[in-house]
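Remarks on the structure that follows.
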Amino acid sequence: MDKQLLAELEETLKEVIKIPAPPGFEEPLAQQVSKEIKSLGLKPERDNLGNAYTRIDGGGPVLLITAHMDETALLIHHVDEMGRLRFKTLGGLKPMMLYSQHVIVHTSKEEVPGIIPAIPPHLGKGDEKQISIEELYIDVGLESKDEAQDLGINPPLPATLKPTLSGLRKGEILVGRPLDNRVSVAALLTLARRLVNIEAKTSTLILAWTVQEEVGIRGARALASRIQPDYMLALDVMTYSSPPATGGYKPGGGPVLRIYDRSMISCKKLDRLILDTASQNGITVQRGVGVGGTDAAAGWMEGACSSGIMTPSQYTHSTVEKIYKRDWFLQTKLTLLTATRFLRENTV
């Protein structure tokens, strides 16, 4: 592996993983992305939904590469008389996973730490797996509803699970939250730093950091509708499950070409460019079936030839998401090589 590229990826991930981005509240991360884009001498652009993007313009066909910024999170909608914060989920989070977690409430004044309490084993009835979202609440140390006003807790407000990042097996594996999809946010920023020096001859590349993917691929669809790209490539993590559900790919085996999910079937023309580029550079690409949807579906909805290069992930949408560094590195490298070919040769 290119140690410099991997080090840059890791440093960028450490920065962006700390910036909260619940669906609909991605502005702090979008501002950081725009700042980075501007520092490269590229023009940062925004749309009304909050998508952040930039373009390397060479005329001709357009390839849109996306990485969604948002993370599964919580939306506080009510403070009860005892000062407990009641919430709904933003994206796919199981009540069981939220039990006994540290959270951060994001107010207009400050970040307020809190916890989602668990019933002590001394008092539990052994049926906690059946608990519902309506039974859970966030405890920020209040004793009454009135105290919430002093902390700036005026619903609706977003809350995120506490971000974490650590390594396993001597650093070969990364675990934490929200790796979905900050690993791709970091990858796309790293790509921008390298692609800015590539001369676009007969085609145009647009790099976009999108919003609200976790609640219905909303940001990418709005952006694709307005830009109308010819091709669209999504960077994301891809949930690993047993082969009957997702195919034979596995974590540690390299990046995954997402050939099918409930929202799209990958575009064969773009797939051929990706696979040919991988073959020329000795990169092994796995193929897999997704159990959810990604930004690539937005391209299909708007008539773009779309596909996805994914980093296989375990324990997705939990506090212990897990990826192999090698898979992530090769996802980034393959995307860089593919985008460079597109800019220089327009070979799709």
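Read the figures in this text as sums done on the coordinates, not as results from a lab. Everything quoted here is computed from the prediction, not taken from an experiment. Cβ coordinates were reconstructed from backbone atoms using ideal geometry, including for glycine residues, and neighbour counts include every protein chain displayed.
Provide the FRET efficiency to the nearest 0.05 for the residue 194-residue 18 pair, computing r from the beta carbons and using R0 = 25 Å. Mind dumping the intermediate values first?
Numbers: r = 24 Å, r/R0 = 0.95.
Efficiency, from the Cβ-Cβ distance: 0.60.
Over the chain, what is the relative contact order in percent, taking alpha-carbon pairs closer than 8 angstrom and at least six residues apart?
Numbers: 796 pairs, mean separation 79.6, N = 348.
This gives 23 percent for the chain.
Please give every one of the lysines within straight-line cross-link reach of residue 325, meaning a C-alpha to C-alpha distance under 20 Å, and leave out same-chain neighbours fewer than 8 residues apart.
Hits, sequence-local ones excluded: 3, 14, 18, 170, 250, 333.
Please find the FRET efficiency linking residue 133 to residue 7, where r is the Cβ-Cβ separation and R0 is fixed at 30 Å, and quote it to the nearest 0.05. Please report the intermediate quantities before stating the final value.
Details: r = 40 Å, r/R0 = 1.34.
My answer for the efficiency is 0.15.
Which shape class, rounded, prolate or oblate, goes with segment 283-346 when its Cα gyration tensor gives a ≥ b ≥ c as root eigenvalues, a/c under 1.5 marks rounded, and past that a/b bigger than b/c marks prolate?
It is oblate, given that a/c is not under 1.5 and a/b is not larger than b/c.
With a 10 Å radius around each residue's Cβ, average the other Cβ atoms per peptide and rank 255-261, 64-70, highest first. Before the final figure, lay out each step's value.
Working: 255-261: 22.4, 64-70: 29.9.
The packing order, highest mean first, is 64-70, 255-261.
Please provide three numbers in whole Å: the alpha-carbon extents of the chain along the principal axes, with the largest listed first.
Reported extents, whole Å, longest axis first: 64, 41, 37.
Give me the number: length gained by fully extending residue 100 to residue 260, i.e. 0.36 nm times residue separation minus the C-alpha to C-alpha distance, one decimal in nm. Before the final figure, lay out each step's value.
Numbers: separation 160, 0.36 × 160 = 57.60 nm, distance 3.55 nm.
Gain on stretching residue 100 to residue 260: 54.0 nm.
May I ask you to evaluate 6.51 cos²θ - 1.76 cosθ + 1.60, the Karplus curve with θ = phi - 60°, for each residue of segment 310-317 and list the ³J(HN,Hα) values in order in whole Hz, giving x for glycine and proline?
10, 9, x, 9, 10, 6, 4, 6
What is the antiparallel percent of DSSP beta bridges lying wholly in the chain, to the nearest 5?
Numbers: 41 of 66 bridges.
So the antiparallel bridges in the chain amount to around 60 percent.
Residue by residue through segment 161-174, what is 3J(HN,Hα) from phi via Karplus (6.51 cos²θ - 1.76 cosθ + 1.60, θ = phi - 60°)? Round to whole Hz and write x for glycine and proline.
Karplus values, whole Hz, x for Gly and Pro: 6, 4, x, 9, 7, 8, x, 10, 6, 6, x, 5, 10, 10.
Taking only Cα atoms of segment 73-162, what ratio of Rg to Rh do you get with Rh as the Kirkwood inverse-distance radius? Before the final figure, lay out each step's value.
Working: Rg = 12.8 Å, Rh = 13.3 Å.
Looking at segment 73-162, the ratio lands at 0.96.
Which order do peptides 106-115, 31-40, 220-229, 300-309 fall in by mean Cβ count within 10 Å, highest first?
Result, highest mean Cβ count within 10 Å first: 300-309, 220-229, 31-40, 106-115.
When the chain is modelled as a GNM with alpha-carbon springs shorter than 10 Å, which of 278, 234, 208 fluctuates the most?
278
Could you pull out every residue, at least 5 positions away or on a different chain, whose amide H is within less than 5 Å of the one on residue 78? Hs are placed 1.01 Å off N in the peptide plane, and Pro or chain starts have none.
86
If we sort 5-11, 268-274 on the protection proxy, mean other Cβ atoms within 10 Å, highest first, what's the order? Walk me through the numbers on the way to the answer.
Numbers: 5-11: 16.1, 268-274: 17.9.
Highest-to-lowest ranking by the protection proxy: 268-274, 5-11.
Run down the lysines and flag those whose C-alpha is under 22 Å from the C-alpha of residue 94, throwing out any fewer than 8 positions away in its chain.
125, 129, 162, 322
Given the convex hull over the Cα atoms of segment 66-105, what projected area results after averaging over all orientations, in nm²?
On the way: hull surface 14.9 nm².
That works out to 3.7 nm², a quarter of the Cα hull's surface.
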